[in-house]
Structures are given as structure tokens and as C-alpha cells.
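The values are calculated or read from the model by the stated rules, or taken from the named source; none is laboratory data. Predicted model only: the values in this text are computed from it and were never measured. When we count neighbours, we look across all protein chains shown, and the Cβ atoms used for this are built from the backbone with ideal geometry, even at glycine.
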Amino acid sequence: MASQAKLIDGRKVSEIIRAEVREDVQAMVEAGQRRPFLEVVQVGSDPASTVYIGAKTRACEDVGIGTHTTRLQDTVSAQELKDEIRRLNEDDDVDGILVQLPLPSHLSALDVIETIDHRKDVDGFHPMNVGRLAIGQPTFRSCTPAGIFELLRHYSIPVKGKHAVVVGASNIVGSPAAIMFSRENDSGKATTTICHKYTQDLTKYTISADILVVAAGVPGLIRGEMVKEGVVVIDVGMTRVADESTEKGYHLAGDVDQESVAEKASWITPVPGGVGPMTVAMLMKNTLLAAKKSVYPA
Ligand code: GUN
């Protein structure tokens with residue numbers, strides 16, 4: 001059967017968001033203000049992290065946000081890393097601080113994230129920002145879930161009263177996405193189910209989803225028989241799968257078996273070109289908000 005799902009174009013929507021940020025940055029500069037500035041901290045040289053940081057750096061250049069990456073050895077101590085973060089916290093010329101994850105195993109991500117000044121936490125990972133998200137207060141929202149909501153908004157896909165099923169409960173995507181869907185605020189008001197690796201009979205939940213967000217990191221986890229007709233599918237999966245036929249030697253695989261699911265879905269995000277570009281665009285937006293002190297007024 002031919003696929004019937006319409007494609008949710010993350011590249012296109014991310015361009016719209018970037019254009020808005022670019023315009024705001026230009027207005028700030030024309031008003032004599034300093035450009036927003038994002039400091040990225042990379043510990044070690046994980047190849048995927050290097051690729052992601054490259055995309056973030058190019059996006060900053062594209063929208064006129066200043067940026068610099070501090071690169072630290074993967075042997076750096078927690079103390080040295082936290083001292084570096086505290087230095088950035090104190091630097092009035094730095095609006096946003098992003099520590100690229102994952103960190104080497106001897107470092108605790110939570111301990112490191114808690115060291116970041118929450119007013120500069122443009123990733124939205126600091127407990128202060130996650131807590132404020134959970135109680136519906138202005139906050140920095142984690143970029144990937146925030147990007148998912150921008151996509152739903154752009155395509156006028158209704159959320160209120162729907163059943164949103166989130167597969168994956170990570171601090172970066174699944175948990176904040178579920179909070180956003182469940183909250184009684186502008187974007188949420190969905191009945192929300194969180195599934196994870198301990199969920200028994202995943203299909204029991206996915207089959208009743210009106211909106212299905214999959215962020216499990218398991219290529220092909222969701223197949224056509226696990227979803228109902230008309231479902232909206234957001235595929236957050238981005239696993240590198242070895243592929244000799246490509247120039248890079250790998251391709252990115254989503255968590256959704258696109259072929260079988262697209263036959264039943266009304267909307268679906270492609271991989272790549274769906275959620276990925278939105279994450280970067282929302283980081284630009286959060287950095288702008290940090291520079292404007294919109295979330296935490298001075
Ligand atoms: N690693 C994977 N995704 C992310 C992200 O959104 N932010 C950071 N800091 N690290 C990541």
C-alpha cells in the first residue's frame with residue numbers, strides 16, 4: 001500500500017524559527033546591545049558530540065549569535081570542569097552555557113548540570129528549570145521537546161484532550177516531553193502515558209496513541225501493527241547504523257519503521273530532517289531568551 005502520512009518537515013520549520021531569532025538578534029544589535037553569546041563545553045572527543053556541536057556552532061553563526069567551544073580532555077576532574085563552569089557563570093558576556101552530553105563515565109552529569117547557573121541553562125536540564133516546567137512556570141524548556149511542540153503548532157495538529165504516548169523517559173527528551181503534554185498550559189492538556197524499557201506490552205499503549213513520541217534509541221522499535229489509523233508520529237531516534245554505502249560510513253536510523261507506520265499515520269517526522277533540526281533551532285531561541293533575560297528578569 002502507498003504511504004498516506006504527510007511529512008512533518010523539521011528543516012522547513014527550523015528555518016522559520018531561525019529566521020525569527022536572526023531578526024531579533026539583528027534588532028538587539030541595532031539597538032546597541034551586545035549579541036547573545038553561547039558557550040559550549042565539550043569533554044573528550046566523542047565523534048557524535050563533535051558533529052552535534054558543529055551543527056550548533058554553524059546555527060549560531062547563521063543567526064548572529066556569538067559562540068565559543070571550550071574543549072577539555074576526557075580525563076578532566078569534576079573539580080576542574082566545575083571550576084570552568086563557575087568561571088562561565090560569572091562571565092557577564094556569556095548568556096548561555098551548554099555542556100554537551102554524554103560525559104565520560106567518571107563524571108556525574110547531574111552534578112555538572114547543577115553547577116550551571118540556571119539562568120544560563122539554555123539546555124533546560126537544570127533541576128530549577130525542570131521543576132519550573134513541572135509546575136507550569138516560565139522556564140528554559142529542553143530543546144528537543146520544545147521543538148516537537150513547535151512542529152505540532154506549525155502544522156496545527158491538535159493536542160488538547162488527545163492521548164499522547166511518549167516512549168522513553170530520558171531527562172533530555174521523554175520526561176520533559178511528557179510533562180509538557182500533560183500540563184494544563186497552552187501547548188499541553190493531553191492525556192499522557194509514559195512508556196519505557198520496563199513497560200510490559202508496549203503495543204497496549206502505543207495502539208491507543210493519538211500522538212506518539214518515540215525517543216527510545218532503538219531503531220525500528222515501532223512498527224505499523226503497533227499504531228492506530230490516523231496517529232501523529234514523532235520519531236526522535238537518531239542511532240548511527242554502520243553503512244558502507246554512505247560517505248560517512250553510517251546512516252541515522254529512527255526508532256520508527258517508517259514504511260509500515262506511514263501507511264497508517266496521518267503525520268510523521270522523517271529521520272533525518274524531522275526533530276533533529278528543531279533541537280538546534282530551539283537552542284538558538286533559548287539562547288536569545290537568556291540574553292534578553294526573558295525567563296529570569298534581572
Ligand atoms: N546530547 C544529546 N542531546 C543533547 C542536548 O540536547 N544537549 C546536550 N547538552 N547534550 C546532548
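Quick notes
- Odd one out for residue 169, checked against (1) touching a residue at least 60 places away in the same chain (Cβ under 8 Å); (2) within 16 Å of the chain's Cα centre (by Cα): (1)
- Among the residues listed as 85, 97, the single one being in contact with a Lys or Arg (Cβ under 6 Å, 6 or more places away or on another chain) and of a type in the set (A, V, I, L, M): 97
- For segment 21-41, the set of residues classified as of a type outside the set (A, V, I, L, M) and exposed (fewer than 15 other Cβ atoms within 10 Å of the Cβ) consists of 23, 26, 30, 32, 33, 34, listed by residue number.
- Residue in segment 106-118 that is more than 10 Å from the ligand (Cβ to nearest atom), in a loop (DSSP other than H, G, I, E, B) and within 17 Å of the chain's Cα centre (by Cα) present: no
- Boolean, residue 175 is among the polar types (S, T, N, Q) and touching a Lys or Arg at 6+ places or on another chain (Cβ under 9 Å): no
- Of all the criteria given as (1) within 22 Å of residue 153 (Cα to Cα); (2) among the acidic types (Asp, Glu); (3) surrounded by fewer than 19 Cβ atoms within 10 Å (Cβ to Cβ), the one not satisfied by residue 225 is (1).
- Residue match in segment 237-259 (condition: within 23 Å of residue 134 (Cα to Cα), surrounded by 14 or more Cβ atoms within 10 Å (Cβ to Cβ) and within 19 Å of the chain's Cα centre (by Cα)): no
- Of all residues in segment 279-292, those that are away from the ligand (no atom under 11 Å from the Cβ) and within 11 Å of the chain's Cα centre (by Cα) total 1.
- Segment 131-143 residues that are within 10 Å of residue 179 (Cβ to Cβ), paired with ones that are of a type in the set (Asp, Glu) and surrounded by fewer than 19 Cβ atoms within 10 Å (Cβ to Cβ) (beta carbon under 8 Å, 6 or more apart): 136/184
- Verdict on residue 158 being closer than 30 Å to residue 201 by Cβ, surrounded by fewer than 17 Cβ atoms within 10 Å (Cβ to Cβ) and away from the ligand (no atom under 15 Å from the Cβ): yes
- Check on residue 132, more than 16 Å from the ligand (Cβ to nearest atom), buried (at least 16 other Cβ atoms within 10 Å of the Cβ), modelled with pLDDT of 95 or more and within 21 Å of the chain's Cα centre (by Cα): yes
- Restricting 139, 193 to those that are of a type in the set (S, T, N, Q), out of contact with any Gly (no Cβ under 7 Å at 6 or more places or on another chain) and away from the ligand (no atom under 11 Å from the Cβ) reduces the list to 193.
- If you check 84, 90 for being at pLDDT 95 or above, at negative phi, of a type in the set (Asp, Glu) and surrounded by fewer than 13 Cβ atoms within 10 Å (Cβ to Cβ), only one passes: 90.
- The set of residues from segment 177-214 being surrounded by fewer than 17 Cβ atoms within 10 Å (Cβ to Cβ), closer than 16 Å to residue 161 by Cα and polar (S, T, N, Q) comprises 185, 191, 208.
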